[in-house]
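Heads up: the structure comes next, in structure tokens.
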């Protein structure tokens, strides 16, 4: 493989995809002088207009930017220290306070979150003099956009790709993912329609890459949707936030067979549990009790409690939280089989 000798020689290799069409959904790399079986990187360019992308295709000097790299870790760290020492220092600090969590190594959360956000391209590859591009022609597709997903999906006779409960009428060449909802699509063409428990997105195929603009606006407007999700996974299973308002919150908990929540308490909320599937084993103080379908229990503030699934099928229950503060950080853990603080 032509990239390996280059990386072993200290070059920072990126793979340029030989373009098959003037695609406006990818960034491009312009090649320079020959280097071994690759080329010096002359320029990284952002996603172009269709006219510019056609010129790139005609020139034969441009490749799609795959975002895939090959280099020695030591060489990358050298260049990162040269061009973005602030990122390198934050990463080193977060690793110095590493903790073991089951099969995971967890870096120091607050230190790592304070690290500046930047990509490998912007931080190093666009600045280093040792960047080289190796052409790759392997039927590659970056399934990093909804349009790319539509490209490879099975379609009906009208060019529509659907998932879930979808009703179509006079609509063509669209991608529709209904999630857990019914989605009716009437008289549209070339759209991406995605429904989730959190939100609903409608975008034209030519503009779907601008979803990042919406994500940035959510962040700037301090909307919770940019970093919080209705369905959240935990080591013991998952929960779905069904409803919430001032003073209360309703969740559906799914506890995997044999799994246990931590022994814990809350300072600001009480909780009601109603079993709707499976069997629950519940701990209060010094006593364990068993709850079956359609049975419920309650614990108030500052009551030490625990929950586990002793069965061989998922345990599902509805949890109603009531209190003046319902944040996930109002959890004091006394014992946890998953090693969480």
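The values are calculated or read from the model by the stated rules, or taken from the named source; none is laboratory data. Everything quoted here is computed from the prediction, not taken from an experiment. Here the Cβ is made from the backbone with ideal geometry for all residues, glycine too, and neighbour counts use every protein chain on show.
Screening 161, 174 for residues that are at pLDDT 95 or above and within 19 Å of residue 25 (Cα to Cα) leaves exactly one candidate, 174.
Residue count for the range 102-123, restricted to those that are in contact with a strand residue (DSSP E or B) (Cβ under 7 Å, 6 or more places away or on another chain) and closer than 14 Å to residue 65 by Cβ: 2.
Residues considered: 59, 66. Of these, the only one that is within 30 Å of residue 47 (Cβ to Cβ), in the same structural domain as residue 130 (by TED's automatic domain parsing) and in contact with a strand residue (DSSP E or B) (Cβ under 7 Å, 6 or more places away or on another chain) is 66. Of all residues in the range 266-284, those that are farther than 19 Å from residue 250 by Cβ and in contact (Cβ under 8 Å) with a residue 40 or more places away in the chain total 1.
For the range 151-172, indicate whether the set of residues that are outside the structural domain of residue 13 (by TED's automatic domain parsing), within 30 Å of residue 38 (Cα to Cα) and either under 21 Å from the mean Cα position of the chain (by Cα) or free of Cβ contacts under 8 Å to residues at least 24 places away in the same chain (or both) is non-empty.
Within the range 151-172, one or more residues are outside the structural domain of residue 13 (by TED's automatic domain parsing), within 30 Å of residue 38 (Cα to Cα) and either under 21 Å from the mean Cα position of the chain (by Cα) or free of Cβ contacts under 8 Å to residues at least 24 places away in the same chain (or both).
In the list 158, 89, which residue meets the criterion of being surrounded by fewer than 16 Cβ atoms within 10 Å (Cβ to Cβ) and in a helix (DSSP H, G or I)? Give the steps one after another, and end with the answer.
Working: 158 fails: in a helix (DSSP H, G or I).
Of 158, 89, the one residue that is surrounded by fewer than 16 Cβ atoms within 10 Å (Cβ to Cβ) and in a helix (DSSP H, G or I) is 89.
Quick check on residue 282: is it in a helix (DSSP H, G or I) and not assigned by TED's automatic domain parsing to the domain that holds residue 24?
Numbers: in a helix (DSSP H, G or I): no; not assigned by TED's automatic domain parsing to the domain that holds residue 24: yes.
When the stated conditions are applied, residue 282 does not pass them.
For the range 252-264, state whether one or more residues are free of Cβ contacts under 8 Å to residues at least 24 places away in the same chain and closer than 30 Å to residue 303 by Cβ. I'd like the intermediate steps shown before the answer.
Within the range 252-264, the first condition is being free of Cβ contacts under 8 Å to residues at least 24 places away in the same chain, and the residues that meet it are none.
No, every residue in the range 252-264 fails to be free of Cβ contacts under 8 Å to residues at least 24 places away in the same chain and closer than 30 Å to residue 303 by Cβ.
Does the range 29-41 contain any residue that is at pLDDT 90 or above and within 22 Å of residue 208 (Cβ to Cβ)? Scanning the range 29-41 turns up no residue that is at pLDDT 90 or above and within 22 Å of residue 208 (Cβ to Cβ).
From the list 250, 303, exactly one residue is under 23 Å from residue 333 (Cα atoms) and part of a strand (DSSP E or B). Which is it? If you could, list the steps in order and put the result at the bottom.
On the way: 303 fails: part of a strand (DSSP E or B).
Being under 23 Å from residue 333 (Cα atoms) and part of a strand (DSSP E or B) holds for just one of 250, 303, which is 250.
State whether the residues of the range 211-219 include one that is closer than 21 Å to residue 152 by Cβ and either part of a loop (DSSP other than H, G, I, E, B) or in the same structural domain as residue 152 (by TED's automatic domain parsing) (or both). Taking every residue of the range 211-219 in turn, at least one turns out to be closer than 21 Å to residue 152 by Cβ and either part of a loop (DSSP other than H, G, I, E, B) or in the same structural domain as residue 152 (by TED's automatic domain parsing) (or both).
Every residue, every condition in (1) surrounded by 14 or more Cβ atoms within 10 Å (Cβ to Cβ); (2) touching a strand residue (DSSP E or B) at 6+ places or on another chain (Cβ under 7 Å); (3) under 28 Å from residue 323 (Cβ atoms), yes or no:
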site	(1), (2), (3)
176	yes, yes, no
185	yes, yes, no
203	yes, yes, no
208	yes, yes, no
216	no, no, no
224	no, no, yes
227	no, no, yes
233	no, no, yes
237	yes, yes, yes
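Which residues, counting only those in the range 49-80, are under 30 Å from the mean Cα position of the chain (by Cα) and loosely packed, with under 14 Cβ neighbours inside 10 Å?
Within the range 49-80, the first condition is being under 30 Å from the mean Cα position of the chain (by Cα), and the residues that meet it are 49-50, 53, 62-80.
Within the range 49-80, 49, 50, 73, 74 qualify.
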